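S.K.: Please read through the structure below; I'll follow up with questions.
The values are calculated or read from the model by the stated rules, or taken from the named source; none is laboratory data. All figures in this text were calculated on a predicted structure; none of them were measured in a lab. As a convention, Cβ positions derive from the backbone with ideal geometry for all residues, glycine included, and neighbour counts pool all protein chains shown. Please note that ligands, DNA and RNA were not included when accessible areas were found on the heavy atoms of the full protein model with its side chains. Shrake-Rupley method; radii C 1.70, N 1.55, O 1.52, S 1.80 Å.
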Amino acid sequence: MPTGHKGRYGHEFFRFEIDKYGTLKYANNSNYRRDSIIQKTLQLSPTLINEIQRIIKDSEIMHEDSSKWPHQDENGRLQLEIEMNGQSINIETAKISSLADTLSTEDPEGLRVLYYLIQDFKCIILSIISLHFKIKPIA
């Protein structure tokens with residue numbers, strides 16, 4: 001799932017991929033203050049994979065129709081590709097910076113589903129990365 005934009009700091013993005021074997025590949029490119037790309041790879045437990053699949057199923061994103069969603073613009077794009085249980089979707093829409101961005105569209109309810117799913121993904125993935133690659137032990 002990549003999301004990003006091209007702005008004053010160049011092409012900035014947040015991307016993660018979980019393959020069918022449970023390998024998580026994470027990349028975050030922020031050129032702010034000339035930072036370099038952050039890339040991490042780790043193995044997820046079957047329990048965590050099942051939880052991510054449950055989040056996807058509960059969101060009902062697999063049943064959404066993205067044909068009325070806004071196209072990529074100068075602010076960036078949000079792309080989501082999911083293959084799960086024989087079903088697949090590939091969504092590409094304009095970057096959603098906040099829930100307010102969904103209100104003035106033709107399908108605010110569908111974009112709200114996508115927005116909350118993306119927020120759930122970001123939260124869980126960043127938590128996993130933070131816990132797994134903790135440099136200083138918790139005292």
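S.K.: Which entries in Lys40/Lys122; Lys40/Lys95; Lys68/Lys95; Lys95/Lys122; Lys40/Lys134; Lys25/Lys57 show an alpha-carbon gap greater than 18 Å?
M.R.: Numbers: Lys40/Lys122 15 Å; Lys40/Lys95 24 Å; Lys68/Lys95 15 Å; Lys95/Lys122 14 Å; Lys40/Lys134 12 Å; Lys25/Lys57 22 Å.
Too far apart for the 18 Å limit: Lys40/Lys95; Lys25/Lys57.
S.K.: Taking the Cβ of Thr105 as the center, what net charge do the other residues with Cβ under 11 Å away carry, scoring Lys and Arg +1 and Asp and Glu -1?
M.R.: Neighbourhood net charge equals -2.
S.K.: Between Ile55 and Ser104, take the C-beta separation as r, use R0 = 30 Å, and let me know the FRET efficiency to the nearest 0.05.
M.R.: Numbers: r = 27 Å, r/R0 = 0.90.
According to the calculation, E is roughly 0.65.
S.K.: For Ser67, what is the net charge nearby, where nearby means another residue's Cβ is under 12 Å from its Cβ and Lys, Arg count +1, Asp, Glu -1?
M.R.: Residues close to Ser67 contribute a combined charge of -4.
S.K.: Quick one: order Glu51, Glu106 from most to least accessible surface, probe 1.4 Å.
M.R.: The ordering from most to least exposed comes out as Glu106, Glu51.
S.K.: Another question, if that's okay. Each label point is 7 Å from the Cα along the Cα-to-Cβ direction; what then is the distance between the points at Arg15 and Ser88, in nm?
M.R.: For the pair Arg15/Ser88, the computed spacing is 1.8 nm.
S.K.: Something else about it: What length, rounded to one decimal in nm, is gained on full extension from Leu126 through to Gln79, with 0.36 nm per residue of separation minus their alpha-carbon distance?
M.R.: Working: separation 47, 0.36 × 47 = 16.92 nm, distance 1.78 nm.
So the extension gain works out to 15.1 nm.
S.K.: On a full-extension model of 0.36 nm per residue, what is the gain between Ser97 and Tyr116, subtracting their alpha-carbon distance, rounded to one decimal in nm?
M.R.: Between Ser97 and Tyr116, full extension yields 5.7 nm more.
S.K.: Moving to a separate point now. How much length is gained on full extension from His71 to Ile37, taking 0.36 nm per residue of separation minus their Cα-Cα distance?
M.R.: 9.6 nm
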